[in-house]
Amino acid sequence: MDTTSTGAATPHRLPASDPQRELLHNEVHARPPARIRLPTLVTYVAVFNEDVTREQECEQLRRLPGQDALTVDDLQGNFLRLRLPGYTLKWERHTEFTRYSIVQALPEGCGLGTREPDLLSHIATPPGWLQTIPGRTFAAIQLAMVVGELHPLSDGLAQARTWLGEHTVVASLMGNNGHSVAVTDFWLRPGGFERMLVIAPEDTSETRAGRIVSRLFELETYRLMALRALPVVKQLAPLLAASERQLADITAQLQNKSASDQALLDTLVSLAGGVERATAENIYRFSATRAYDTLVAQRIAELRERPIQGTQTLGEFMQRRLSPAMATVAATAQRLASLSERVTRTSALLRTRVDIATEEQNQQLLAKLTKGQELQLRLQSTVEGLSIAAISYYVISLLLYLGKAGKAVGLPINPEMAAGALIPLVLWAVWRTTKRIHEKLHAGH
C-alpha cells in the first residue's frame, strides 16, 4: 500500500532540510512572466531605488484603487502582481532599481496603421500616479503588441515605421521559427517614454507574449544599467592621467635621487590614498557593468534574432553602440588596477631604498661602536697598567716603612736595599692578582 497517499509515516525520510532550502528552491518561481493577451499595451517604468524604502513603495501601491489593505509584508518577496479594474500591475524590486509594469488592453485607435498614436493619455493608472513613484527614472517604455501578418515582412515593417513616426528603426524577426517581429527606434518621446512595437500572429500564446515582453524590457533595462559606468569613466580620466604623471615623476626622482626619502614617501602615500579611494568608490560600479553587459548578451541570445532585409537587428544595433562603451569601461578599470599595482611596486622600491640606507647607517654606527670599544679596551689596558704600578708603589712604600721600623728596633736591615730587591716580586704579585681577578670575571660571564 502507498503510505504517502494515506498520510501514514513513510519509511524513507530525508535528513532535516537546510534553513535556506525552500527559499533557494522557490527562487526559480520568484518572478514568473506575465500572461499577456493580444492586442495589448504595456507601460514600463524602471527607477533607481537608492534611499527608497519598501515602506515608500508600499505607500505608492496603496494609492491604487482597492489596495488600501496592502502591507509591507506583501512586498518582502520583491515581486507583486496586482489585478486592478481593466489592467494588471507588476512590481519588482532589484538591488539597484525597481520596475513597474502596467498591462492593459490596447486602446482603440492605437493599432497598426496609426501614425504615432497618443499612448500617454490611455495609461490605465490614476492620473499623476506614475509621477509620484519614489525614485529616479532611468528607463520608461511603452510597448504595443498587436496582431498582424508576418508575411510579407516589408508590409509589417512599413506599418511599424508609420506607427513609430517615420524614424530610422531597428527590427528583428524573433525565434527560430520567426514567431514575431520586434521594432523600435530607441528615441525618447517628449513624455519621457521609448516606444516598441511587437507584431505577432493571432495564435500567439499568452505565455509566449509575456516572455517576449519581459526579454525586450530586460534588454533595454540592462543596457542602460551597463552604461551607468560611462559617466564615471569620464570623471576618472583626468584623475588617472594626473596620477600617472605624478607616479612617473616620483619614479624619476627615485631613480635620480633628487629628493629626500621622506618627501618621496609623503608624495607616494598621498598618491596611493587617492588611487585606493578611486578604486573603492568605483569597483562595484565596474563589476556591476560587467554583469549587466553579460545579461544584455544573454537576452540578445534568447531573442534568437533573424535579420530583416534593410534594417539592423536589435542585437546588432545594441552591440555596435554598447561594445565601445563597455570596452572603455573595461580599459579604465584595468588602467586603475594597473596604476594601483605600479604604485605598490614603486612603494616597494622606495622601501628597499630606505632599508638599504638604514642598513648603511647601522653599519656605520656599528663601526663607530667597534672603534669605541677598541679605544675603551686600550684605555682600560693603560689604566690597568697604571693601576698595577700605583698598587706596587703603595705596597713597596709600605714595605719600606716596615723595614725602617725593623731597623729602628735593632734589626740588621737596610730598608732601601730590601725595598729595591722586592720591587720585581711585588710587581709580579700585583700583576698576577689582577689577572686572576679578570679570569674570574670572564668565567662568571
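Every residue, every condition in (1) at pLDDT 85 or above; (2) hydroxyl-bearing (Ser, Thr, Tyr); (3) touching a Leu at 6+ places or on another chain (Cβ under 9 Å); (4) open to solvent by 70 Å² or more (accessible area, probe 1.4 Å), yes or no:
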residue	(1), (2), (3), (4)
18	no, no, yes, yes
27	no, no, no, yes
36	yes, no, no, no
40	yes, yes, yes, no
43	yes, yes, yes, no
50	yes, no, no, yes
65	yes, no, yes, no
69	yes, no, no, yes
82	yes, no, yes, no
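When you scan the range 112-149, how many residues do you find that are of a type in the set (A, V, I, L, M, F, W, C), assigned to a strand (DSSP E or B) and under 21 Å from residue 186 (Cβ atoms)?
8
When you scan the range 127-142, how many residues do you find that are closer than 11 Å to residue 63 by Cβ and open to solvent by less than 40 Å² (accessible area, probe 1.4 Å)?
Of the residues in that region, 2 qualify.
Select, from 278, 229, 325, the only residue that is on the phi < 0 side of the Ramachandran plot, open to solvent by less than 20 Å² (accessible area, probe 1.4 Å), free of Cβ contacts under 8 Å to residues at least 60 places away in the same chain and in contact with a helix residue (DSSP H, G or I) (Cβ under 8 Å, 6 or more places away or on another chain).
None of the others qualify; the one that does is 278.
Anything in the range 292-315 that is in contact with a helix residue (DSSP H, G or I) (Cβ under 6 Å, 6 or more places away or on another chain), assigned to a loop (DSSP other than H, G, I, E, B) and open to solvent by 50 Å² or more (accessible area, probe 1.4 Å)? List them, or say none.
Scanning the range 292-315 gives no hits.
Return the only residue of 109, 77 being open to solvent by 30 Å² or more (accessible area, probe 1.4 Å), in contact (Cβ under 8 Å) with a residue 24 or more places away in the chain and not in a strand (DSSP E or B).
Values: 109 fails: in contact (Cβ under 8 Å) with a residue 24 or more places away in the chain.
Unique residue meeting the criteria: 77.
Here are some residues: 217, 186. Which one is touching a residue at least 60 places away in the same chain (Cβ under 8 Å) and in contact with a strand residue (DSSP E or B) (Cβ under 6 Å, 6 or more places away or on another chain)?
Numbers: 186 fails: in contact with a strand residue (DSSP E or B) (Cβ under 6 Å, 6 or more places away or on another chain).
It is 217.
The values are calculated or read from the model by the stated rules, or taken from the named source; none is laboratory data. On a predicted model such as this, the values are computed, not experimentally measured, just so you know. Ideal geometry is used to build each Cβ from the backbone, glycine not excepted, and the neighbour counts take in all protein chains shown. Surface areas here come from the heavy atoms of the whole protein model, side chains and all, with no ligands, DNA or RNA. Shrake-Rupley method; radii C 1.70, N 1.55, O 1.52, S 1.80 Å.
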